[in-house]
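What follows is a single structure, written as structure tokens, with notes after it.
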Ligand code: SF4
Ligand code: SF4
Ligand code: SF4
């Protein structure tokens, strides 16, 4: 049953999952199977869902950190780990009453504003963005998971998220997650190959981790924190840009407060 944990991309080799006792492998497999596979990093693992599953089983990480998984996923993971289920980490998206998970979202590109810089493409863990240099880019909605990772790199802020009605039954959700996992591993293998060939520059934290895996270096906790903060900072800057744009057209006290909170957060994170 743990076959899926073999032949993993090089990014995951340092986890040495194949050397773990069977009972640990089975739990990691069971938990990973339940995770949404958006690879969004909101659980604190910039390298995606599998390292979080590993962290729960091997390092006692909390069972409620998967934001898009919502309370349902927290409950299932807690059951697998035989611990009481805590309250799920809240999402900025309201709970969808049909799925009891945070509302599904998809990214769309404002085609009039896209300058074809290609910066969003390497950020997408499931290769859902197509386009070539200097031409307008498009997101394949059926593949997009709404992970938001393409928003911070966009220099003209032309990618937005929209709510997307999506309420598959359990079996269909499992199939979709399996497909996304496969696409993510394919993406990681392709990036690793291009880096080994020397045909790809490192442009984000995951690619930096892949480079370390290729060269045999390990990522120190300090580097991991740096990478996480860099992503967080980029997200906050994007939100600030959006709010500032909205406030220039119409004043709104609530948005102004949100903006002030974000500016304070940015300052705190940005202070060494
Ligand atoms: S979906 Fe996002 S938050 Fe949930 S486990 Fe995967 S990477 Fe972490
Ligand atoms: S297109 Fe953007 S939001 Fe959609 S999966 Fe790719 S990176 Fe995530
Ligand atoms: S990062 Fe933004 S401007 Fe650049 S190609 Fe992607 S959507 Fe277009």
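The values are calculated or read from the model by the stated rules, or taken from the named source; none is laboratory data. These numbers were taken from a predicted model, which means no experiment stands behind them. When we count neighbours, we look across all protein chains shown, and the Cβ atoms used for this are built from the backbone with ideal geometry, even at glycine.
Going through segment 21-51 one residue at a time, which ones are more than 16 Å from ligand 2 (Cβ to nearest atom) and on the phi > 0 side of the Ramachandran plot? Walk me through it before giving the result.
From segment 21-51, those more than 16 Å from ligand 2 (Cβ to nearest atom) are 21-34, 44, 50-51; that's our starting set.
If the condition is that a residue be more than 16 Å from ligand 2 (Cβ to nearest atom) and on the phi > 0 side of the Ramachandran plot, then 44 is the only one that fits.
Residues being modelled with pLDDT of 95 or more, within 27 Å of residue 169 (Cα to Cα), near ligand 1 (Cβ under 8 Å from one of its atoms) and within 15 Å of the chain's Cα centre (by Cα) are represented in segment 59-66 by at least one member.
Every residue, every condition in (1) away from ligand 2 (no atom under 16 Å from the Cβ); (2) within 18 Å of the chain's Cα centre (by Cα); (3) in a loop (DSSP other than H, G, I, E, B), yes or no:
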| residue | (1), (2), (3) |
| --- | --- |
| 119 | no, yes, yes |
| 127 | no, yes, yes |
| 153 | no, yes, yes |
| 157 | no, no, yes |
| 172 | yes, no, no |
| 179 | no, yes, no |
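With respect to the conditions (1) touching a strand residue (DSSP E or B) at 6+ places or on another chain (Cβ under 8 Å); (2) surrounded by 19 or more Cβ atoms within 10 Å (Cβ to Cβ), residue 72 lacks only one, and its number is (2). Looking for whichever is farther than 21 Å from residue 47 by Cβ and modelled with pLDDT under 95 here; the options are 72, 115, 121. Which one fits? Being farther than 21 Å from residue 47 by Cβ and modelled with pLDDT under 95 holds for just one of 72, 115, 121, which is 115.
Filtered by the rule that a residue be at positive phi and within 16 Å of ligand 1 (Cβ to nearest atom), segment 156-171 gives no residues.
Exactly one residue out of 13, 79 is touching a helix residue (DSSP H, G or I) at 6+ places or on another chain (Cβ under 7 Å) and surrounded by fewer than 21 Cβ atoms within 10 Å (Cβ to Cβ): that is 13.
Would you pick out the residues in segment 131-153 that are in contact with a helix residue (DSSP H, G or I) (Cβ under 8 Å, 6 or more places away or on another chain), under 18 Å from residue 112 (Cβ atoms) and more than 16 Å from ligand 1 (Cβ to nearest atom)?
Going through segment 131-153, the residues in contact with a helix residue (DSSP H, G or I) (Cβ under 8 Å, 6 or more places away or on another chain) turn out to be 131, 137, 143, 145, 148-153.
This time we only want the ones that are under 18 Å from residue 112 (Cβ atoms), so: 131, 137, 150-151.
Within segment 131-153, 131, 137 meet the criteria.
On the given criteria, is residue 109 buried (at least 17 other Cβ atoms within 10 Å of the Cβ) and assigned by TED's automatic domain parsing to the domain that holds residue 26? Judged against the criteria, residue 109 is not a match.
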